[in-house]
Amino acid sequence: MTADIAHAATPPSPEELEPVVTPDHGPRWHRLPIVHQLRSSVGLQRAMLVTGLVLTGLFVLGATFAPLVAPYSWAQLRDGHGLFGAQLPPSSTHLLGTTVGGYDVLSRVVWGSRTALLTIVTAVVLSLFIGVFLGLVSGYFGGWLDRVLVVVADAIYAFPSLLLAIVAAIVISGGQSSMWNGILAAAISITVVFVPQYFRVVRSEVVRVKSEAFVESARVIGSSSARIMTRHVLRNSVRTLPLIMTLNCSEAILTLAGLGFLGFGIEPSSAAEWGYDLNKALADVTAGIWWTAVFPGIAIVLTVLGITLVGESLNDLADPRLRIRRAAGGKRAKGRVPDEPTNQPEEAR
């Protein structure tokens with residue numbers, strides 16, 4: 001009995017106090033973006049995320065390694081045997097057939113992914129930097145500048161992105177765009193439309209963070225406004241931006257495709273573009289030539305679907321209520337911990 005009392009009075013060892021291993025306590029690479037969300041998802045949520053990642057990964061790989069994947073260049077009309085020929089059906093020589101202009105459909109689809117990826121990167125980078133900067137300055141300093149920027153951001157929502165894209169394409173290149181002019185026209189229109197989103201998200205977070213105690217302490221010790229904004233406020237105000245970036249990428253692809261479909265896109269000799277190919281395939285569809293329109297359309301649908309699934313899945317996983325419900329249910333199902341109240345945040349438990 002004395003031994004039992006001594007054993008009960010002995011404090012538990014560090015090993016006994018070690019928490020149950022969960023995705024948050026695993027190896028460091030488990031906490032990487034996307035990896036952490038993938039391990040935290042279950043059921044339909046995980047299926048959506050995996051499907052989106054696969055489709056997005058294929059799109060990025062195709063764009064990155066287009067010279068290796070595509071059998072021909074985007075504007076190539078002949079090989080060693082002569083001209084390709086127009087509107088040829090799918091065959092061993094041209095797996096997806098040829099267009100009315102005599103281009104290889106598979107090559108145009110693969111090279112079109114590179115054009116779309118460049119448009120996404122350009123548009124998101126411009127929107128991110130401009131929106132974050134304006135939101136940081138507006139939320140931190142406030143005053144008349146904040147009121148003016150908020151009114152301007154609200155007014156921009158009244159302009160459709162495709163209309164801005166058409167105007168930008170005409171202003172930049174008169175509607176006859178080279179590769180970079182077409183990408184820049186679409187990127188500028190998307191930047192103008194999505195800057196208010198980044199601005200509002202960052203501004204609201206900055207307004208909340210700037211009243212925290214650690215910001216007041218930085219002011220007391222004499223830190224400059226620039227240092228406080230960049231080292232303390234900004235780092236705690238951009239956590240939700242990856243979700244917005246993911247959801248906005250699909251809009252960039254649709255805007256570029258809309259420009260090309262309406263005739264304000266990129267010339268076929270400058271770069272491959274899915275919307276332009278769809279425009280040129282309209283007459284083919286009525287004549288029973290389906291392959292010139294189906295494959296560029298499938299490329300647009302699958303790419304937008306993949307990026308949207310990733311964005312929606314990350315948005316759901318960022319919801320603390322869904323995350324708590326999943327964690328509590330998973331623990332009870334596996335018998336790792338006994339039932340406990342779930343009305344507290346996961347971090348508190």
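Quick note: the coordinates plus some simple rules give every number you see, no bench work behind them. Predicted, not measured: the structure shown is a model, and the values here were computed from it. A quick note on method: Cβ atoms are made from the backbone with ideal geometry, for glycine too, and the neighbour counts reach across all protein chains shown.
Structure notes:
- Less than 5 angstrom separates the built amide H of residue 98 from those of 87, 88, 105, all sequence-distant by 5 or more or on a different chain.
- Coil-residue trypsin sites (Lys or Arg not before Pro) of segment 229-281, DSSP, other Cβ within 10 Å capped at 15: 239
- Cβ crowding within 10 Å averaged over residues, with 45-52, 198-205 ranked highest first: 198-205, 45-52
- Between segment 105-154 and segment 156-222, the Cα center-to-center distance that results, in Å: 4
- Under 13 Å, Cβ to Cβ, from residue 116 - net charge with Lys/Arg +1 and Asp/Glu -1: -1
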